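Q: One structure is given below, represented as structure tokens, and several questions about it will come after.
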Amino acid sequence: MMKQFTQRKELIKPAKTRFATVFLTLQRVYEQKGNLRKMFTSKKWTNSKWAKEQQGQHVEKIMLMPSFWRNVLLSLKFASPLVKVLRLVNGEVKPPMGYIYEATDRAIETIANSFNQNKKMYDEVFKIIDKRWDVQLHRPFHAAGFYLNLEFFYKDPEACKVPKVIGGLYKCITKLIPNNDTQDLVCADLMKYERAEGLFSNPMAKRQRDTRALGITITPC
């Protein structure tokens, strides 16, 4: 019956990213909101055996409840940008090291904009995100990857040179290169990188800033 009202579209689709399955199901339910509500108010439903069963009546009540759909939309506003970050982390299209930091910042900005920057609407959720970010994802090598990503650095150098990013970069350099003289040489090369000097000024290198996926292999700091 449901397929007749949803043009044969399923609500559940197993995801390659297992932890996103619940979100994708919720998203599909919301996409079919009109068709599902139409089904539960149709004669076909009211005349069916399911409409007379307790479980069927319970589901019908949920589907016709405005507060349920408001909460679904609220959940999607929070979850959708974050799932994109998780897909990036779990993906195999390109090395995620140089993209996680920027992707998380963009997700947070997207959530805030979806609520018109009304902090009361997302403040508590942001505290949860920050806690997870600090414990699981916010590592010096992510900051270093963001700084060394040509695609981001040359588009907005100032965003890549904020204290928390530079701090993470220096922590990685210190751990990977214990020799002080070599550290100084690396810092000197970083100045060439920032100014786009030497090989970084090569026309071919400039053309590939936005097209060449960044590959970084770093021992976790």
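The values are calculated or read from the model by the stated rules, or taken from the named source; none is laboratory data. This one's a predicted model, so the numbers in the text were calculated from it and none came from an experiment. Please note: Cβ atoms are built from the backbone with ideal geometry, for glycine as well, and neighbour counts cover all protein chains shown. Surface accessibility is based on the protein's heavy atoms, side chains included, excluding ligands, DNA and RNA. Shrake-Rupley method; radii C 1.70, N 1.55, O 1.52, S 1.80 Å.
Q: So how exposed is residue 141, as accessible area in Å² (1.4 Å probe, rounded to 10)?
A: 30 Å²
Q: Separate question: If you place +1 on the Cβ of every Lys and Arg, -1 on the Cβ of every Asp and Glu, and leave all else neutral, what size is the dipole of region 87-206 about its Cα centre, to the nearest 20 Debye?
A: Result for region 87-206 is approximately 300 debye, rounded to the nearest 20.
Q: Once the Cα atoms of helix 100-114 and of the chain are each reduced to a long axis, what angle between those two axes, in degrees from 0 to 90 to the nearest 10, is obtained?
A: 40 degrees
Q: Once label points are set 7 Å from the Cα along Cα→Cβ at both residue 12 and residue 105, what is their separation, rounded to one decimal in nm?
A: Output for this residue pair reads 4.1 nm.
Q: Let me ask something else about it. Of 57, 183, 11, whose Cα points farthest to the positive end of the dipole of the chain (charges on the beta-carbon: +1 Lys, Arg; -1 Asp, Glu; origin at the Cα centre)?
A: Going by the charge dipole, the pick is 57.
Q: Please turn the phi angles of region 200-207 into ³J(HN,Hα) values with the Karplus equation 6.51 cos²θ - 1.76 cosθ + 1.60 (θ = phi - 60°), one per residue in order, whole Hz, x for glycine and proline.
A: Using θ = phi - 60°, the values come out as 5, 8, 4, x, 5, 5, 5, 5 Hz.
Q: Explain nothing, just compute: Karplus ³J(HN,Hα) = 6.51 cos²θ - 1.76 cosθ + 1.60, θ = phi - 60°, for every residue of region 156-164 in order, whole Hz, x for Gly and Pro.
A: 8, x, 5, 5, 8, 10, 6, x, 5
Q: Leaving out same-chain residues fewer than 8 places away, which aspartates and glutamates sit with a Cα under 15 Å from that of residue 155?
A: The qualifying aspartates and glutamates are 102, 194, 210.
Q: Also: Roughly how many debye, to the nearest 20, is the charge dipole of the chain about its Cα centre, given +1 on each Lys and Arg Cβ, -1 on each Asp and Glu Cβ, and no other charges?
A: The dipole magnitude comes to about 1620 debye.
Q: So if we plug the beta-carbon distance of residue 75 and residue 189 into 1/(1 + (r/R0)^6) with R0 = 41 Å, what FRET efficiency do we get, rounded to 0.05?
A: 0.35
Q: For semi-axes √(5λ) of the Cα gyration tensor in Å, which listed value, [x] 46, 20, 16; [y] 28, 24, 13; [z] 49, 18, 15, comes from the coordinates shown?
A: [z]
Q: Okay, moving on. Return one whole number: the accessible area per residue of the chain in Å², for a 1.4 Å probe.
A: With all protein chains present, the chain gives 66 Å² per residue.
Q: Could you work out what % of the accessible surface of the chain is carbon and sulfur, using a 1.4 angstrom probe and leaving DNA, RNA and ligands out of the count?
A: It is 56 percent, rounded to a whole number.
Q: Could you work out the local net charge near residue 121, counting Lys and Arg as +1, Asp and Glu as -1, over the other residues with Cβ closer than 14 Å to its Cβ?
A: Net charge in that neighbourhood comes out at +3.
Q: At a Cα cut-off below 16 Å, give the lysines reachable from residue 9, other chains included and same-chain residues fewer than 8 away excluded.
A: Those lysines meeting the cut-off are 33, 38.
Q: Moving on. Considering only 39, 196, 27, whose Cα is most displaced toward the positive end of the charge dipole of the chain, charges sitting on Cβ of Lys, Arg (+1) and Asp, Glu (-1)?
A: 39
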